[in-house]
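Have a look at the structure that comes next, please.
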Amino acid sequence: MTVAVTGASGQLGRLVVEALLRRNAGPVVAIVRDPSKVADLAERGVQVRQASYDDAEALDRALAGVDRLLLISGTEMGARIAQHTTVIRAAERAGVQLLAYTSIPRADENPMALAREHRGTEAVLAESTVPHVFLRNGWYWENYADRVAAAAEHGVLQGAAGEGRVSAAARADYAEAAAAVLTTDGHAGRSYELGGESLTYPALAQVVSEVFGKPVDYADVSEAEYAAALEQNGLPAPFAQALANADTGIRNGWLDVTTGDLTKLIGRPATSPAEVFRAVLAQ
Ligand SMILES: NC(=O)c1ccc[n+]([C@@H]2O[C@H](COP(=O)([O-])OP(=O)(O)OC[C@H]3O[C@@H](n4cnc5c(N)ncnc54)[C@H](OP(=O)(O)O)[C@@H]3O)[C@@H](O)[C@H]2O)c1
């Protein structure tokens, strides 16, 4: 069984490839835009094939002989439904037997701005002939890495999520879940709502305080104020707005995942935020 991973040069994709190699379930194909980024994987026996999500012909070549495919959602906001559709059409032509797509919790009804393209992609898959499974990944604790380091320095963790809870996990946890789905049977037609420990931001501030050994309080601001602060810190405006809007989503419970799907798939508890932040501290 040949398993391919798109976005294999990215942070999640690399971890999925590693998890697949550990499982030793058959040939692994890394689909990337720039093969030089994964030269180390090629040296370890991974078949590296070049294709962007915009290039149907290159995708046809990259998907030849692929049985199962992980489509990792792209990064170009606004272009992603069209790009993902190009990959899905290529998977149909290639006769892929299972396509797993990295989505967002409750994508079908989630009002967060970041959910729109995931919902659109899921809708394309719902109409597709390719058997598919939705991996509705919650937040990465790593998303908070810059924020927690700054919070420890200034004694304040800022956000716009109020008392809302976020269920996050380490990228490596979601990668293991993806590898489990790609290498075992019975997943076609399923949606997995994936998330780990569930915390409010005041509780997260407490975790940061314990890990860094410094007092940290949570300061709640409005979505607009938070977007402005992120922009002031150098984030491009659309990204700052999307992140601040995500905090509103958290405030309203849209990233609070209580299914236990992640621990069931990986067979262990998800990584705690303290473990992720300790790794950040050690860098
Ligand atoms: N759950 C969360 O908290 C969270 C947070 C951030 C993002 N995400 C989503 O999850 C995905 C994976 O996360 P990540 O941390 O691995 O992101 P990442 O490190 O930025 O990796 C994104 C990968 O997608 C590839 N890619 C982007 N656009 C592409 C295109 N048009 N054609 C081919 N490949 C393309 C990139 O290729 P290059 O190496 O060539 O750039 C890279 O390999 C992200 O892309 C995003 O959709 C989720």
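Since every read-out is calculated from the coordinates, none of them should be taken as a lab result. Everything numeric in this text was worked out from a predicted model, so none of it was measured. Ideal geometry is used to build each Cβ from the backbone, glycine not excepted, and the neighbour counts take in all protein chains shown.
Please figure out what share of the DSSP beta bridges in the range 134-215 is antiparallel and state it in percent, rounded to the nearest 5. Numbers along the way, then the final one.
Details: 3 of 9 bridges.
Around 35 percent of the beta bridges assigned by DSSP in the range 134-215 are antiparallel ones.
Sticking with this one: First check a/c for the range 144-192, with a ≥ b ≥ c the square roots of the eigenvalues of its C-alpha gyration tensor; if it is under 1.5, answer rounded, and if not, answer prolate when a/b is larger than b/c or oblate otherwise.
Numbers: a/c = 6.58, a/b = 2.44, b/c = 2.70.
Oblate, since a/c reaches 1.5 and b/c is not below a/b.
Just the number, please: percent antiparallel of the DSSP beta bridges in the chain, rounded to the nearest 5.
Restricted to the chain, the bridges split so that about 10 percent are antiparallel.
Distance between the C-alpha centers of the range 3-27 and the range 41-80? Whole Å please.
Going from one Cα centre to the other spans 12 Å.
Under the rule of at least 5 residues apart or a separate chain, name every residue whose amide H is placed under 5 Å from the amide H of residue 256.
Long-range HN contacts for residue 256: 167.
Report Rg(Cα)/(2.2 N^0.38 Å) for the chain, keeping two decimals.
Its radius of gyration relative to the 2.2 N^0.38 Å reference: 1.01.
Considering amide H positions built from the backbone, and no H for Pro or chain starts, which residues 5 or more places from residue 70, or on another chain, come under 5 Å of its amide H?
Residues meeting the amide H criterion: 4, 5, 6, 100.
Could you give the semi-axes, largest first, of the ellipsoid that matches the range 59-137, computed as the square roots of 5 times the alpha carbon gyration tensor eigenvalues and rounded to whole Å?
Listed largest to smallest, the semi-axes of the range 59-137 are 22, 13, 10 Å.
What ranking do 71, 194 get, fewest neighbouring Cβ atoms within 10 angstrom at the top?
Values: 71 27, 194 30.
With the sparsest Cβ surroundings first, the list reads 71, 194.
With viscosity set to 1.002 mPa s at 20 °C, what whole-number translational diffusion coefficient in µm²/s follows for the range 1-66 from Stokes-Einstein and a Kirkwood radius over Cα pairs? Walk me through the numbers before you get to the answer.
Numbers: Rh = 11.6 Å.
Once the numbers are plugged in, D ends up at 185 µm²/s.
Across every pair of different alpha-carbon atoms, what Kirkwood hydrodynamic radius in Å does the range 51-92 reach? Write out the running numbers ahead of the final one.
Values: mean 1/r = 0.0959 Å⁻¹.
Result for the range 51-92 stands at 10.4 Å.
Pick from 24, 233, 245 the residue whose mean-square fluctuation is largest in a GNM of the chain, springs joining Cα atoms under 10 Å.
233
Provide the per-residue ³J(HN,Hα) series for the range 15-28, in order, calculated from phi with Karplus coefficients 6.51, -1.76, 1.60 and θ = phi - 60°, each as a whole number of Hz, with x at glycine and proline positions.
With coefficients 6.51, -1.76 and 1.60, one gets 5, 5, 4, 4, 5, 5, 4, 4, 7, 6, 9, x, x, 10 Hz.
Let me ask something additional. Please list the non-local residues whose amide H lies under 5 Å from the amide H of residue 216, H modeled 1.01 Å from N, same-chain partners needing a gap of 5 or more.
Those lying under 5 Å, H to H, from residue 216 are 209.
Follow-up. Taking θ = phi - 60°, what integer Hz values does the Karplus form 6.51 cos²θ - 1.76 cosθ + 1.60 yield along the range 261-274, in sequence order, with x for Gly and Pro?
3J(HN,Hα) across the range 261-274, in whole Hz: 4, 5, 5, 5, 5, 9, x, 7, x, 5, 5, 7, x, 4.
Then there is this: Quick one: 3J(HN,Hα) in Hz for the range 119-133, Karplus 6.51/-1.76/1.60 with θ = phi - 60°, rounded, Gly and Pro as x.
Each residue of the range 119-133 in turn: 4, x, 5, 4, 5, 5, 5, 4, 8, 7, 7, 7, x, 9, 9 Hz.
Sort 132, 187, 154 so the one with the fewest other Cβ atoms within 10 Å of its own Cβ comes first.
Arranged by neighbour count, lowest to highest, 132, 187, 154 become 154, 187, 132.
Just to confirm the number: angle between the C-alpha axis of helix 201-212 and the first principal axis of the chain, 0 to 90 degrees, nearest 10?
Helix 201-212 sits at roughly 90 degrees to that axis.
May I ask for the Kirkwood hydrodynamic radius of the range 1-134, worked out over all distinct Cα pairs and given in angstroms to one decimal? Can you show the working numbers first?
On the way: mean 1/r = 0.0676 Å⁻¹.
Across the range 1-134, the inverse of the average 1/r is 14.8 Å.
Roughly how tilted is helix 237-251, in degrees to the nearest 10 and between 0 and 90, from the longest Cα axis of the chain?
70 degrees
Hey, another quick one. As a footprinting exposure proxy, order 9, 52 by other Cβ within 10 Å, with the fewest listed first.
With the fewest neighbours first, 9, 52 line up as 52, 9.
For the range 121-208, max minus min Cα coordinate along each principal axis, in Å, sorted largest first?
Result for the range 121-208: principal-axis Cα extents of 52, 24, 18 Å.
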